[in-house]
Amino acid sequence: MKSLANRFRTWYEYERDCNAKSIAMLASVPVERRAEAKFHKAVDRMAHLVAARRRWLYRLGLWHEAPALFPQENALTDLPALVAETEAAWVAYLSRLDEDELARELEWEAADGRRYRWDIEGVLTQVFGHAWYHRGQIAQLVAELGGKAVDTDYVFWCKLTPVDPLAP
């Protein structure tokens, strides 16, 4: 069985694959539909995923500033670089993740001025689940715009072992 730290690293590799698929989904929207509000909403949703990841890095002391949580009017062409920069920072952090770090309590101030405390395991679980939620929204918007929505469920990313000898 994998350690919890290794599990979070694996789950982030899955998320990185989903980030690439999400950008490809957005790029599949026909050009003539990209001026529509739904397209901008979908792009902004992806930018929000990046901003949320960066905000947690900031809270961990690993990012230089707290980004706006819901960035608006983002360009599709800007997303790949934003995602790559964010992923590099997360990969570096997760490469050092161990059980002591997972148990560490993080204290931060939220946008409303309240202070909170939570263990890193909880933080990482939240961040992981948060991405699933918004990727589903992105896929739905892309499909409505005539683009190619892709199923980013974890089961499709995993290398499952077929037990039926007739299965391909």
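The values are calculated or read from the model by the stated rules, or taken from the named source; none is laboratory data. Bear in mind the structure is a predicted one, so any value in this text is a computation, not a measurement. A quick note on method: Cβ atoms are made from the backbone with ideal geometry, for glycine too, and the neighbour counts reach across all protein chains shown. Note: areas computed on protein heavy atoms with side chains; ligands, DNA, RNA excluded. Shrake-Rupley method; radii C 1.70, N 1.55, O 1.52, S 1.80 Å.
Considering the stretch 126-166, the residues that are modelled with pLDDT of 95 or more and of a type in the set (Val, Ile, Thr) include one that is nearest to Val29 (Cα to Cα), namely Val142. Of all residues in the stretch 58-82, exactly one satisfies the criterion of being of a type in the set (S, T, N, Q) and in a helix (DSSP H, G or I), namely Thr77. Of all residues in the stretch 124-157, those being in a loop (DSSP other than H, G, I, E, B), open to solvent by 30 Å² or more (accessible area, probe 1.4 Å) and either small (Gly, Ala, Ser) or in contact (Cβ under 8 Å) with a residue 40 or more places away in the chain (or both) number 4.
Looking only at residues that are open to solvent by 70 Å² or more (accessible area, probe 1.4 Å) and among the hydrophobic types (A, V, I, L, M, F, W, C) in the stretch 1-38, which one is modelled with the lowest pLDDT? So, considering only residues that are open to solvent by 70 Å² or more (accessible area, probe 1.4 Å) and among the hydrophobic types (A, V, I, L, M, F, W, C), the one modelled with the lowest pLDDT is Met1. Within 13 Å of Val83 (Cα to Cα) and over 14 Å from the mean Cα position of the chain (by Cα): is that true of Ala24 in this structure? Taking the combined requirement at face value, the residue satisfies it. Among the residues making up the stretch 83-113, those that are part of a helix (DSSP H, G or I) and in contact (Cβ under 8 Å) with a residue 60 or more places away in the chain are Val83, Glu87, Trp90, Val91, Leu94, Ser95, Glu99, Glu101, Leu102. Restricting attention to the stretch 1-36, the residues that are among the basic types (Lys, Arg) and over 30 Å from Glu99 (Cα atoms) add up to 3. Quick check: is even one residue across the stretch 39-57 surrounded by fewer than 18 Cβ atoms within 10 Å (Cβ to Cβ) and not in a helix (DSSP H, G or I)? Checking the stretch 39-57: not a single residue is surrounded by fewer than 18 Cβ atoms within 10 Å (Cβ to Cβ) and not in a helix (DSSP H, G or I). Cβ-Cβ distances below 7 Å connect the following pairs, each with a first residue in the stretch 1-12 that is of a type in the set (Phe, Trp, Tyr), a second residue that is modelled with pLDDT under 95, and a separation of six or more residues or different chains: Trp11/Phe128.
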